[in-house]
Amino acid sequence: MEKITLHDKTFKPFIPYEKISAAIDAVAEKINKDFEGSEEAPVLLCVLNGSILFTAELMKRLTFNCELVSMKLSSYVGTQSTGAVRQIMGLSGSVTGKSVIIIEDIVDTGNTIVDLMNIVKAYGAKEAKVCTMLLKPEVYKKDVKLDYVGMEIPNAFIVGFGLDYDELGRNYKDIYVIDDGKEE
Ligand code: IMP
């Protein structure tokens, strides 16, 4: 795997697609166990844009009936969280009275997940679970339970597999980390 350049920054290979795929297999198995045989179809809530690739890969592995709703939020500018989560596009469908599985690409400060929980509850969801592909445990200090976590990573800025640096980098199937110039 080669380094990539996005805008003014270079990123080096960090997590190959094979590892991401195995982590999604494991998460899907847990969700399938929890939701198999449930009478109503739960709603997967894809948080645009970062979760698109993860949601697509996860959905293909789910073996129970489910719906898909999306919404668009934004909190990052460049490589930093602004702390304020902006709602760019509201819920694309109803979650009222339904079980919701919120699908996030990454949980960092947790501001987004706290907001999402509040939004989903305000719209009258019966229950809400959280599924995130990645978690930065050194940064996450909120109380919202993260029911399904694909992988834990250190506190570093990453791109690829849906994640972006100012909108570039989402298309790469592997995950890359910002290159600080230090050798491993
Ligand atoms: P939080 O609200 O701080 O938990 O951040 C959540 C959102 O910030 C994620 O859904 C991503 O869109 C973005 N984000 C957090 N960390 C990274 C990163 O390392 N690279 C790219 N985007 C990130």
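Condition first: within 12 Å of the ligand (Cβ to nearest atom) and of a type outside the set (Val, Ile, Thr). Now tell me which residues in the range 118-136 satisfy that.
Keep residues of the range 118-136 that are within 12 Å of the ligand (Cβ to nearest atom), which gives 130, 132-136.
Those that are within 12 Å of the ligand (Cβ to nearest atom) and of a type outside the set (Val, Ile, Thr): MET133, LEU134, LEU135, LYS136.
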Margin query: Just checking, does the range 87-96 include any residue being buried (at least 19 other Cβ atoms within 10 Å of the Cβ) and either within 12 Å of the ligand (Cβ to nearest atom) or closer than 27 Å to SER21 by Cβ (or both)?
Written below: no
Per the list (1) surrounded by 13 or more Cβ atoms within 10 Å (Cβ to Cβ); (2) within 18 Å of the chain's Cα centre (by Cα); (3) not in a loop (DSSP other than H, G, I, E, B), residue check on ASP34 breaks on (2)
- Quick one: would you say ILE106 is crowded, with 17+ Cβ neighbours inside 10 Å, within 12 Å of the ligand (Cβ to nearest atom) and not in a loop (DSSP other than H, G, I, E, B)? yes
Only one of THR5, THR82 is of a type in the set (S, T, N, Q) and in contact with a strand residue (DSSP E or B) (Cβ under 7 Å, 6 or more places away or on another chain), namely THR82
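Counting only residues that are more than 27 Å from VAL85 (Cα to Cα) and assigned to a loop (DSSP other than H, G, I, E, B), how many does the range 41-65 have?
Taking the range 41-65 as the starting set, the residues that turn out to be more than 27 Å from VAL85 (Cα to Cα) are 41, 60-65.
Applying the additional criterion that residues be assigned to a loop (DSSP other than H, G, I, E, B) yields 41, 62-65.
Result for the range 41-65: 5.
I'm checking my understanding of the structure. Among residues of the range 2-23 that are farther than 17 Å from TYR165 by Cβ and in contact (Cβ under 8 Å) with a residue 60 or more places away in the chain, which one is surrounded by the most Cβ atoms within 10 Å (Cβ to Cβ)? First the steps, then the outcome.
First, pick out the residues of the range 2-23 that are farther than 17 Å from TYR165 by Cβ: 16-23.
Those left that are additionally in contact (Cβ under 8 Å) with a residue 60 or more places away in the chain: 16-17, 19-20, 23.
Numbers: PRO16: 12, TYR17: 15, LYS19: 14, ILE20: 22, ALA23: 17.
Applying the filter and picking the extreme gives ILE20.
For the range 58-81, give me each residue that is among the hydroxyl-bearing types (Ser, Thr, Tyr) and either surrounded by fewer than 13 Cβ atoms within 10 Å (Cβ to Cβ) or within 8 Å of the ligand (Cβ to nearest atom) (or both).
THR63, SER74, SER75, TYR76, THR79, SER81
Here, each number is a calculation from the coordinates, and none is a lab measurement. Owing to the predicted nature of the structure, the values given are computational and were not obtained by experimental measurement. Cβ sites come from the backbone with ideal geometry, for glycine too, and all protein chains shown count toward neighbours.
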